[in-house]
Amino acid sequence: MKTIGLIGGMSWESTAEYYRKINEEVKNRLGGLHSAECLLYSIDFEEIERCQAAGDWESAGKILGNVAGSLEKAGADFLVICTNTMHKVTNDIQKKINIPILHIADATAFQIHKSKIKNVGLLGTKYTMEQDFYKSRIESQGIHVFVPDKEDRERINQVIYEELCLGEIKQSSKDYYKEVINRLVASGAEGIILGCTEIGLLVKPKDSEVPLFDTALIHATEAVNMSLGDT
């Protein structure tokens, strides 16, 4: 079993889901009292969020690069960044380490291909929905990605930072997200990427008529595949 290095805390609410899913997967596959060999470095999200809001991605990359180096020194065989948005600085992080990073967009695209879907809607932070670092990685694998309109993007982002990252699950926000999903489906989406690791805490498969790709669960599962050599 390879040791998984988890860069978490962005937010800790979804990082807890990563830890749960990874250990459940290992237990289910190996049985008995087996659990995952993993190292978790949970950072203070306040510091990272300030960098995001200021557009200071360089500083955010340095912070996470130092964390990655610490996990490598501690014995991690590969890294999992437990957030979609901060994959924007993956290249900066990779420069600081000699172990691979399991990219969340690659793991998600693989699952979309398995579902034989070519057109997907993307929900996430405004950075993930509006900037190119995430969409282009998905689209480079032959999948068309489209996003909600600007007004919806702003409200989706607000719910993530002001509710989900604080552990607040509101029915009104669930209903709103379902409306956005329905609009994306009406525009041609055959599936929906839950491209923020907190969204799966709010929206469940039963809330959509098309498949939902919960990136936190997909990423965690792929981390177990990599740890156990099942890729």
Subject >> Cα centroid of the stretch 1-45 to Cα centroid of the stretch 97-130, whole Å >> reply: 19 Å
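When the Cα atoms of the stretch 1-86 are enclosed in a convex hull and the volume is divided per residue, what value in Å³ results? Walk me through the numbers on the way to the answer.
Details: hull volume 7.3 nm³, N = 86.
Dividing the Cα hull volume of the stretch 1-86 by its residues yields 84 Å³.
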Subject >> With DNA, RNA and ligands ignored, accessible area of HIS144 (1.4 Å probe; Å², nearest 10) >> reply: 90 Å²
**OP:** With a 1.4 Å probe and all protein chains in place, put LEU39, LEU6 in order of accessible area, largest first.
**Re:** LEU39, LEU6
Original post:
Taking K and R as +1 and D and E as -1, what net charge do the other residues with C-beta under 13 Å from the C-beta of THR108 add up to?
Top reply: -1
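Near GLU58, within a Cβ-to-Cβ distance under 15 Å, what is the net charge of the other residues, with Lys and Arg +1 and Asp and Glu -1? Write down the numbers at each step before the final one.
Working: positive: ARG50, LYS62, LYS88, LYS95, LYS96; negative: GLU47, ASP56, ASP92.
Every neighbour counted, the sum reads +2.
When you have a sec, figure out the Kirkwood radius of the stretch 85-175 from all distinct Cα pair distances and drop it here in Å to one decimal? Could the numbers behind the result be given before it?
Details: mean 1/r = 0.0679 Å⁻¹.
That comes to 14.7 Å for the stretch 85-175.
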Original post:
Ranked highest first by average number of other Cβ atoms within 10 Å, how do 107-120, 167-180 line up?
Top reply: 107-120, 167-180
**OP:** Report in % the part of the accessible area of the chain that belongs to carbon and sulfur, leaving out ligands and nucleic acids; probe 1.4 Å.
**Re:** 46 percent
Original post:
How much area per residue is accessible in the chain when the probe is 1.4 Å and only protein heavy atoms are counted (Å²)?
Top reply: 45 Å²
**OP:** Take every Cα pair under 8 Å in the stretch 44-119 that's 6+ residues apart, average their separations, divide by the length, and report that relative contact order as a whole percent.
**Re:** 29 percent
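Students often get this wrong, so check it: of LYS170/LYS204; LYS114/LYS170; LYS21/LYS95; LYS21/LYS204; LYS114/LYS206; LYS150/LYS174, which have C-alpha atoms separated by over 22 Å? Walk me through the intermediate numbers first.
On the way: LYS170/LYS204 13 Å; LYS114/LYS170 32 Å; LYS21/LYS95 29 Å; LYS21/LYS204 15 Å; LYS114/LYS206 20 Å; LYS150/LYS174 19 Å.
Distance filter (> 22 Å) returns LYS114/LYS170; LYS21/LYS95.
By accessible area of protein heavy atoms, probe 1.4 Å, what ranking do LYS88, LYS21, LYS206 get, highest first?
LYS206, LYS88, LYS21
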Original post:
With contacts defined as alpha carbon pairs under 8 Å and 6 or more residues apart, what's the relative contact order of the chain in percent?
Top reply: 25 percent
**OP:** Would you kindly calculate the mean projected area, averaged across all directions, of the convex hull enclosing the Cα atoms of the stretch 43-110, in square nanometres?
**Re:** 4.6 nm²
Subject >> Highest-fluctuation residue, GLU13, GLU154, GLU190 considered, GNM on the chain with Cα pairs under 10 Å >> reply: GLU154
**OP:** Bin all alpha-carbon pair distances of the stretch 178-231 at 5 Å intervals from 0 and give each bin's fraction as a whole percent.
**Re:** 4, 20, 25, 19, 13, 10, 6, 3
Subject >> With DNA, RNA and ligands ignored, accessible area of MET1 (1.4 Å probe; Å², nearest 10) >> reply: 90 Å²
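Starting from the Cα gyration tensor of the chain, multiply each eigenvalue by 5, take the square root, and state the resulting semi-axes largest first in whole Å.
Working: eigenvalues 142, 85, 57 Å².
Its equivalent ellipsoid spans semi-axes of 27, 21, 17 Å.
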Original post:
When N counts the residues of the stretch 135-205, how does its alpha-carbon radius of gyration compare numerically with 2.2 N^0.38 Å, as a ratio?
Top reply: 1.13
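The values are calculated or read from the model by the stated rules, or taken from the named source; none is laboratory data. Small disclaimer: the values here were computed from a predicted structure and weren't measured. Glycine also receives a Cβ, built like all others from the backbone with ideal geometry; neighbour counts cover every protein chain displayed. All accessible areas refer to the heavy atoms of the entire protein, side chains included, with ligands and DNA or RNA removed. Shrake-Rupley method; radii C 1.70, N 1.55, O 1.52, S 1.80 Å.
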